[in-house]
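Note sheet for the following structure.
The values are calculated or read from the model by the stated rules, or taken from the named source; none is laboratory data. Since we're looking at a predicted model, the values are computed, not measured. So basically every Cβ, Gly included, is an ideal-geometry build from the backbone, and we count neighbours across all protein chains shown. Heads up: the accessible areas ignore ligands, DNA and RNA and are worked out on the full protein's heavy atoms, side chains in. Shrake-Rupley method; radii C 1.70, N 1.55, O 1.52, S 1.80 Å.
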Number of protein chains: 2
Amino acid sequence: MSRVYNFSAGPSCLPEEVLKECAAEMLDYNGTGQSVMEMSHRSKAYEPIIQDAEAMVRKLMKVPENYKILFVQGGGSTQFAMVAENLGIHTGKAAYIETGVWAKKAAQEAAKLGIEVTTIASSKDKNYSYIPKVEKIEGDYDYAYICFNNTIMGTHYEYIPETGNIPLVADISSCVLSEELDVSKFGLLFAGAQKNLAPAGVTLVIIREDLITETPRAGTPTMLTYKTHADNGSMYNTPPCYTIYVLDKVLHWIEKNGGAAGINKLNVEKADYLYNFLDNSDFYHATAEKGSRSLMNVPFLTKYSDHAADDEAAAAKEKEINDKFVKEATAAGLVNLKGHRLVGGMRASIYNAMTLDGVKALVEFMKKFAAENK
Amino acid sequence: MSRVYNFSAGPSCLPEEVLKECAAEMLDYNGTGQSVMEMSHRSKAYEPIIQDAEAMVRKLMKVPENYKILFVQGGGSTQFAMVAENLGIHTGKAAYIETGVWAKKAAQEAAKLGIEVTTIASSKDKNYSYIPKVEKIEGDYDYAYICFNNTIMGTHYEYIPETGNIPLVADISSCVLSEELDVSKFGLLFAGAQKNLAPAGVTLVIIREDLITETPRAGTPTMLTYKTHADNGSMYNTPPCYTIYVLDKVLHWIEKNGGAAGINKLNVEKADYLYNFLDNSDFYHATAEKGSRSLMNVPFLTKYSDHAADDEAAAAKEKEINDKFVKEATAAGLVNLKGHRLVGGMRASIYNAMTLDGVKALVEFMKKFAAENK
């Protein structure tokens, strides 16, 4: 068996030692004679697992006491609705910063549910290759919404907008626990787990208690009401137990690697290694602007993209080179490097579980490919 | 390592060979060098898995061509809302048969979302210990709703109500693929997977195509619209990939065991063994009435329950005996037998993956316990 380096944008690579533990415990967790997959969520065997996962999130993210930590289902797309339905209840107005597909989808969902959405800034003018500078957000908004790391565009906020009394909501799906974050600056944070935390199927929500309302917008289903989950320790109905178990293991792995600060140091080292190579290459270039670059998602193009927008032959050549890159990389054990169609080229997602060795192997491959395809 | 017999009502025991395969493939699925947990849902490695799961459901349940098979998140409780929001769009009226907690919760959720709910029958008069006989449902209802197997009460429909043009909706969470079922009699079927199909975290929905509307009730979130999932092969956003992978394995295990018909034969044998013992015991008795009994969930009481309702000392004695039963059973490797508080006593959930040997071991234990506690 030979493990590959997996640069998938999500679901993504997991720490190998976590997978080994999962395999070893599959038929008998901790002497219970059961797999965690088989456990009643209300059993003495399972409850400590979800409780530990919650405690580990609180510890690693330094979540203040006046915030609840929830595990829910439905991914970020469900959060787009839940945020609007539970927070948009006073003026019914919300401010969104548009930094790519997911921020836009969140705004569209809020508008669909009756929220008066104001897009207060956008980086659409440059295909979302940067984060607009919006240091202060003011107005009678029920909340302000940002996507803190943009998986597709490879951008990341290097600042947190000041919002005064307006609760700041952030989608941190692709950067959760990749760095230290001051939770107290936010009203609500959420993260689909399938990038940095666990397999797909659970969403982490961190919500300030005063935002947990009993009276969301009319017609909000029980399951889309944060209070339902907050009042029941994320066990109003059966949670995705096994996924939370893997998440708990990943959290312990993060702790062993120095917590958010330690992992961040490794992430900076990995990203610097790759960006430095890209910035000094005459064959490749990163698409995200300096000052807005993600540590987690690194889209890049080759020089063959230079005239692809306005020249059919050049576009065909670019496609040929990109396809060749992805094919040869895959053969070399570097997988899931195809770029998103909205950016083109390639994308290396280098989440927490990607090793520096993996990034180095990628750069070595890129050098070789460049030399062979000049 | 010693595996136990797990009688949990859900999440529940899974076939041991499925767990062994999961363990063996954990670090490298099928030579990909990745765990299924790590795979992009849009990858060539993963897509065949979800497609096979869908095809296997269609094959095993003989799902007609004019039905879509969906994998969604949020459990039955989310379906309570989705059914109301997507089907309750013409007259806004719906008929519910109340056969226990889950049927009632479904009706309450529909009412909360603005549906005019009529409870056309109920077995509340006898603590839901039977299924009311409602052979025909008529009226201007948008849909009629039943809970086909009641996990808590241990009851099951032995007939399918005739509803003419009214789409019949059934929650089959705790009996899915435990028996043959004529899907064409229903407009919509759903099943949380954590009882008979997979670990918790995915819900199977089978919906007749004409019920997939583009215009659900006002304020329905995108993720709670069936059309969103139907139009995108259950991949509008990241599905719970790994859970679906386990589900696919369980479906193949069902096929190997004779499909729905073969599994049902085994289930009848297991249930008959247990009910025959209970019906001939002077120490235990089943709580569900004959003619309404579930093959999957078997609640039972001891003779110490006889006067517990109106006698404090008897109630204390009953509790003592029940606790002793559960404790000694657990020590004997028969776990999760505590009854639901709404029924009391004990409950043995004997889903597809429970073996006849497990049921026999339970009955042997019950005999011994009865002899020691007369």
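In the stretch B:279-337, which trypsin sites (Lys or Arg not before Pro) are in a loop and have at most 12 other Cβ atoms within 10 Å, using DSSP for the loop call? Sparse-neighbourhood loop trypsin sites (Lys or Arg not before Pro): B:K290.
The distance separating the Cα centre of the stretch A:295-314 from that of the stretch B:4-55 comes to 37 Å.
Please give the average number of partner chain Cβ atoms lying within 10 Å of the Cβ of each residue in B:26-37, rounded to a whole number. So the per-residue partner count for this stretch is 6. Contact order for chain B, expressed relative to its length and based on alpha carbon pairs under 8 Å spaced 6+ residues apart, stands at 22 percent. If the Kirkwood radius is taken over C-alpha pairs of chain A, then at 20 °C and 1.002 mPa s the Stokes-Einstein diffusion coefficient equals 99 µm²/s. Could you pull out the pairs from B:K124/B:K368; B:K133/B:K360; A:K124/B:K227; A:K104/B:K44; B:K195/B:K360; B:K249/B:K327 whose alpha carbons sit more than 26 Å apart here? Long pairs (Cα-Cα over 26 Å): B:K124/B:K368; B:K133/B:K360; A:K124/B:K227; A:K104/B:K44; B:K249/B:K327.
Using a 1.4 Å probe over protein heavy atoms, the accessible area lost on pairing A with B, summed over both chains, comes to approximately 4600 Å². Of all DSSP beta bridges confined to the protein assembly as shown, the antiparallel ones make up roughly 55%.
Equivalent ellipsoid of the protein assembly as shown: semi-axes from √(5λ) of the C-alpha gyration tensor, largest first, are 47, 29, 25 Å.
Helical content alone sets the calculated 222 nm signal of chain A at -11000 deg cm²/dmol, taking -39,500 (n - 2.57) per DSSP H segment of four or more residues and averaging over every residue. At a threshold of 30 Å², the residues of the stretch A:213-253 that become less accessible to a 1.4 Å probe in the full protein assembly than in their chain on its own are A:G219, A:P221, A:T222, A:M223, A:L224, A:Y236, A:N237, A:T238, A:Y242. The fraction of accessible area contributed by carbon and sulfur in the protein assembly as shown is 47 percent, rounded to a whole number (1.4 Å probe; ligands and nucleic acids excluded). Surface analysis of chain B yields an accessible area of 37 Å² per residue, using protein heavy atoms and a 1.4 Å probe. Sites listed here are GluC sites (Glu not before Pro) in the stretch A:18-84 whose DSSP assignment is loop and whose Cβ has at most 13 other Cβ atoms within 10 Å: A:E65. First obtain the Kirkwood hydrodynamic radius of the stretch A:1-137 from its Cα pairs, then insert it into the Stokes-Einstein equation at 20 °C and 1.002 mPa s, and state the resulting D in µm² per second as a whole number. So the translational diffusion coefficient is about 112 µm²/s. Dividing the Cα radius of gyration of the stretch B:239-374 by 2.2 N^0.38 Å, with N the residue count, gives 1.19. Loop-resident GluC sites (Glu not before Pro) (DSSP state other than H, G, I, E or B) in the stretch B:82-185 with no more than 11 further Cβ atoms inside 10 Å of their Cβ: B:E135, B:E158. Stick to the Cα atoms of the stretch B:1-59, pair each with every other, and give me the Kirkwood hydrodynamic radius in Å at one decimal. It is 13.6 Å.
The relative contact order of the stretch B:309-374 comes to 20 percent, based on Cα pairs under 8 Å that sit 6 or more residues apart. Peptide A:112-121 has a mean shielding of 1, counted as Cβ atoms of other protein chains within 10 Å of each residue's Cβ. Near A:Y273, once Lys and Arg are set to +1 and Asp and Glu to -1 for all other residues with Cβ below 12 Å from its Cβ, the sum equals -3. Please report the spacing between the Cα centers of the stretch B:213-241 and the stretch A:172-251 in Å, no decimals. Cα centres, the stretch B:213-241 to the stretch A:172-251: 20 Å. Dipole orientation for the protein assembly as shown: of the candidates B:Y157, A:T228, B:V83, B:Y157 has the Cα lying most toward the positive pole (charges on Cβ; Lys, Arg +1; Asp, Glu -1).
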